[in-house]
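Engineer: Before I ask anything, here is the structure I am working with.
FYI, it's all coordinate maths here, none of it is from the lab. Bear in mind the structure is a predicted one, so any value in this text is a computation, not a measurement. Note: ideal-geometry Cβ built from the backbone for every residue, glycine included; neighbour counts use all protein chains shown.
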Amino acid sequence: MTDKTVLNATHRALGARMVDFGGWDMPISYGSQIDEHHAVRNDAGMFDVSHMTVIDLHGARTREFLRHLLANSVDKLKITGKALYSCMLNEGGGVIDDLIVYFFDEAHFRLVVNAATRAKDLAWIEQQAAAFDVQVIERPEFAMIAVQGPQARAKVLGLLHEVDRARIEKLGKFAAAAAQGPHGMPLFIARTGYTGEDGFEIIVPNDHAVALWDALAAAGVAPAGLGARDTLRLEAGMNLYGQDMDEDVSPWEANLGWTITLDEGRRFIGRDALEAQKVAGVKRVMVGLVLDDKGVLRHGQKVLTANGQGEILSGSFSPTLNKAVAFARIPAGEPGDVRVDIRGREVPVRMVKYPFVRDGKPCDGI
């Protein structure tokens, strides 16, 4: 049986096409996925991301615990509300999950982890937290709505209590703060997202989620489903857990080396494996591909290079570029001419640096 977010009936009333996503009944689109994609790139769109798992950590040794748990360093978090993206690794250096951690105070941090990995993440976090006497509290009473696009911040700010508006407007990227929304509803607003556009991810009590969604819709924010969210994040060069990385893939192999902090004296889980892999060099790398001819690049297709065979990870038609793009993992080394096997036909593709799209426009070389 699939789980439902508090906004499920709202999605259905809007005529959304629903799918099972990680055990949750979620909207893939409300009509045209491409229109929803363009709404986010050009104006503002909103996504129900209440399936994400919010976890609060409490205890005097919480920072010490997170220094042990995460590959990125929480010592970067010194100001209340600041956030950090990190991978959580196993002993072999594989990615258990990628997540965002928020700093409240030394005895209180918050994690937001992926929906499909909820059970294993909670089990792993609780197992590791025991030695640090850290309390792990899941917060199912919260919903989350992501509002993304060049007009997203302005439309959210227009709904806030006057006292909070100027303060939230000054929030830097990867920072969060509490605020009052319509009718005094309590909000936790983070300047984060998964589309490559500016905007907010808003945590709101379930009791207020429908009212917030309706207020955003009245302000001109377009509902958008998981289909558009996927093409937006792919264009923006953002990994999807379970497709672009998993427990058998290290951050080095997922092009996430920038999330690893090998600071002196910190023995985080998976560090030894990462250091060994860095010295030896990775045997496979993650690259961007563009198909200039007609066709679609899809997960699982074979990628043929001079060094051997790789595969497409995330692949889709890009509405912004009007052509197919993909992430692929291929053998390290000079690849030569790269081709993709599409239904038995070897199709030439260009290998490029991603992201493919930034600020709503194609990146250089795309």
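For every residue, the table says whether it meets (1) part of a strand (DSSP E or B); (2) among the β-branched types (Val, Ile, Thr).
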position	(1), (2)
20	yes, no
26	yes, no
40	no, yes
46	yes, no
56	yes, no
66	no, no
79	no, yes
85	yes, no
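Engineer: Hey, does region 96-117 have a residue that's buried (at least 21 other Cβ atoms within 10 Å of the Cβ) and farther than 20 Å from residue 143 by Cα?
Structural biologist: Yes, there is a match, as at least one residue in region 96-117 is buried (at least 21 other Cβ atoms within 10 Å of the Cβ) and farther than 20 Å from residue 143 by Cα.
Engineer: Mind checking which residues of region 61-120 are over 21 Å from the mean Cα position of the chain (by Cα) and of a type in the set (Ser, Thr, Tyr)?
Structural biologist: Passing the criteria: 62, 80.
Engineer: I need the strands (runs of 3 or more DSSP E) fully contained in region 244-345, keeping only those with at least 3 residues that are hydroxyl-bearing (Ser, Thr, Tyr) and in contact (Cβ under 8 Å) with a residue 12 or more places away in the chain. First the steps, then the outcome.
Structural biologist: Details: elements: 284-291, 302-305, 308-318, 323-331, 338-342.
So the answer is 308-318.
Engineer: Can we say residue 74 is buried (at least 21 other Cβ atoms within 10 Å of the Cβ), farther than 28 Å from residue 222 by Cα and either in contact (Cβ under 8 Å) with a residue 24 or more places away in the chain or among the aromatic types (Phe, Trp, Tyr) (or both)?
Structural biologist: yes
Engineer: Mind counting the residues in region 303-315 that are surrounded by fewer than 20 Cβ atoms within 10 Å (Cβ to Cβ) and closer than 24 Å to residue 233 by Cβ?
Structural biologist: 1
Engineer: Follow-up question, since we're still on this one. Are any residues in region 99-134 touching a residue at least 40 places away in the same chain (Cβ under 8 Å) and of a type in the set (Asp, Glu), and if so, which ones?
Structural biologist: Within region 99-134, 106, 121, 133 meet the criteria.
Engineer: If only one of 159, 212 is over 18 Å from the mean Cα position of the chain (by Cα), over 30 Å from residue 311 (Cα atoms) and part of a loop (DSSP other than H, G, I, E, B), which one is it?
Structural biologist: Testing whether each residue is over 18 Å from the mean Cα position of the chain (by Cα), over 30 Å from residue 311 (Cα atoms) and part of a loop (DSSP other than H, G, I, E, B) leaves just 159.
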